[in-house]
1. Say whether the condition of being without any contact (Cβ under 8 Å) to a residue 12 or more places away in the chain and in a strand (DSSP E or B) is met by at least one residue in the stretch 278-297.
2. For the stretch 240-258, state whether one or more residues are assigned to a strand (DSSP E or B), small (Gly, Ala, Ser) and surrounded by 20 or more Cβ atoms within 10 Å (Cβ to Cβ).
3. For Ser195, which of the numbered conditions (1) under 21 Å from Thr325 (Cβ atoms); (2) part of a loop (DSSP other than H, G, I, E, B); (3) at pLDDT 95 or above fails to hold?
4. Of everything in the stretch 335-370, what is without any contact (Cβ under 8 Å) to a residue 60 or more places away in the chain, surrounded by fewer than 21 Cβ atoms within 10 Å (Cβ to Cβ) and under 28 Å from Leu79 (Cα atoms)? Give them in sequence order.
5. Hey, can you tell me all the residues within the stretch 257-313 that are more than 25 Å from Val371 (Cβ to Cβ), among the aliphatic types (A, V, I, L, M) and more than 19 Å from the chain's Cα centre (by Cα)?
6. Go through (1) of a type in the set (A, V, I, L, M); (2) crowded, with 19+ Cβ neighbours inside 10 Å; (3) out of contact with any Phe, Trp or Tyr (no Cβ under 8 Å at 6 or more places or on another chain); (4) not in a loop (DSSP other than H, G, I, E, B) and name the single condition Leu397 misses.
7. Is there any pair linking a residue in the stretch 230-242 that is closer than 14 Å to Leu394 by Cα to one that is not hydrophobic (A, V, I, L, M, F, W, C), with Cβ under 6 Å and at least six apart or on different chains, and which?
8. Among the residues of the stretch 372-385, which ones are under 22 Å from Gly248 (Cα atoms) and either surrounded by 13 or more Cβ atoms within 10 Å (Cβ to Cβ) or among the polar types (S, T, N, Q) (or both)?
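The values are calculated or read from the model by the stated rules, or taken from the named source; none is laboratory data. Since the model is a prediction, treat every value here as computed from it, not as a measurement. Backbone-built Cβ (ideal geometry, glycine too); neighbour counts: all protein chains shown.
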Amino acid sequence: MSRKATLIIILIVALLSVSLAYGSYQANVQVPEGETRYESIGTALEVIALVKTRHYFQPVSTFELMKAYVTHGTINGMLKNALDDPYTRHMDAIAFENMMNTTTGIYGGIGLSVGIVDDRVTVVSPIKGTPGERAGLRRDDKIMAIDGKDTTYMTLDEAVSLMRGPEGAEVDLTIRRGEEFFDVHIIRELINVVSVPEYYMIDEEYQIGYIEVTNFSDRTYDELAQALADLDRQGQRALILDLRFNPGGTLGAALEVADEFVSEAPLLFLEDQYGVRTPFDSRWAGTREPMPMVVLINGSSASASEIVSGALQDNGLATLIGTTTFGKGLVQSLYPLRDGSALTVTEQGYLTSGGKDINGVGIEPDIVVEVTVEEEEAIYYDEAEQDPQLEKALEVLRSQL
């Protein structure tokens with residue numbers, strides 16, 4: 001009998017003996033870390049049981065998961081082969097520990113927001129003023145390796161944890177840009193990301209305010225509220241909310257921001273694997289009076305940015321201008337495993353306030369304004385002589401006042 005056939009039989013017998021116990025199991029007993037070929041069968045069984053009972057949108061058989069594990073020899077190889085879902089991934093114990101230790105808004109790192117595109121860890125947006133930006137990294141750069149560790153099958157959480165580290169420590173990235181491969185050497189710095197780096201009255205005559213929001217974190221709502229209050233005191237009559245290059249952040253921050261503008265409507269819907277939708281309803285108290293409003297979006301506007309822009313668009317509160325957003329409409333849950341590693345599994349999808357499923361397609365702007373790659377980079381770095389998307393936003397708002 002072949003080795004692979006023997007392993008499948010062993011896995012079947014083992015799975016039958018533990019499957020009833022693992023339906024909702026979440027444990028964190030520490031044992032030696034590391035995932036090597038065929039040496040993590042116990043962890044693989046935990047992962048298989050969780051995927052079978054928890055995964056949101058893709059039914060998959062136990063046999064297919066086990067077959068993929070035997071074929072590829074690693075848990076992430078199994079998940080990539082059996083699931084059409086780049087966000088359900090296994091992270092080793094070190095990556096999990098690093099992730100849990102870096103959940104504040106201040107951390108040592110290089111300042112990259114990343115996503116999974118074409119099964120690769122991909123730069124969604126470098127954060128302004130950080131080592132990643134100064135190193136010349138760009139949107140759509142593929143991170144092929146981190147300190148020599150291949151990112152194939154790597155989770156976002158693991159990639160982020162590997163790029164974070166003590167201030168002053170070094171990290172080396174292997175980047176693919178188009179057909180070009182090159183290495184980038186970066187020194188980590190203390191990253192303290194402000195959510196609202198800029199706001200001002202962009203048109204004094206028409207009293208149009210402008211607010212840039214670059215991410216969604218625990219500090220976002222307070223910073224936005226302060227910006228809105230200051231602009232209101234200056235007589236603001238219309239608003240441009242710039243969510244371009246905003247890769248998202250926490251669900252809670254997105255709901256707080258959307259709730260500032262939306263009343264008497266769901267902010268979004270969460271949908272489970274059975275198709276049951278749970279609305280997150282807005283609150284009437286504290287909602288701002290509607291005013292003419294434009295939201296600027298582009299392909300780097302993702303996740304929480306899409307929740308906010310979708311809620312404003314669906315409820316007729318803002319005109320969306322720019323280009324189609326990134327298109328991430330999935331929600332992951334984190335499950336610690338017995339060996340100290342963890343699984344992020346896609347448990348829910350979300351739909352916008354109006355019930356639109358944006359995953360993989362993004363949000364279409366009401367008014368499309370295309371810019372070249374060069375123009376977009378100049379806009380991001382505040383070096384553009386002209387910003388056609390911003391100019392269109394001003395044109396639209398002036399016509400409404």
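1. Checking the stretch 278-297: at least one residue is without any contact (Cβ under 8 Å) to a residue 12 or more places away in the chain and in a strand (DSSP E or B).
2. To start, the set of residues in the stretch 240-258 that are assigned to a strand (DSSP E or B) comprises 240-242, 249.
With the extra rule that they be small (Gly, Ala, Ser), the set shrinks to 249.
Subset that is surrounded by 20 or more Cβ atoms within 10 Å (Cβ to Cβ): 249.
Yes, because at least one residue in the stretch 240-258 is assigned to a strand (DSSP E or B), small (Gly, Ala, Ser) and surrounded by 20 or more Cβ atoms within 10 Å (Cβ to Cβ).
3. Among (1) under 21 Å from Thr325 (Cβ atoms); (2) part of a loop (DSSP other than H, G, I, E, B); (3) at pLDDT 95 or above, the lone unmet condition for Ser195 is (3).
4. Matches in the stretch 335-370: Lys356, Asp357, Asn359, Gly360, Val361.
5. Selection gives Val262, Ala265, Val276, Ala285, Met291.
6. The single condition Leu397 does not satisfy is (3).
7. That search, which allows pairs on different chains as well, returns Gln236/Gln207; Gln236/Gly209; Arg237/Gln207; Ala238/Pro292; Leu239/Gly209; Ile240/Tyr210; Asp242/Glu212.
8. Hits for the stretch 372-385 are Glu376, Glu377, Ala378, Ile379, Tyr380.
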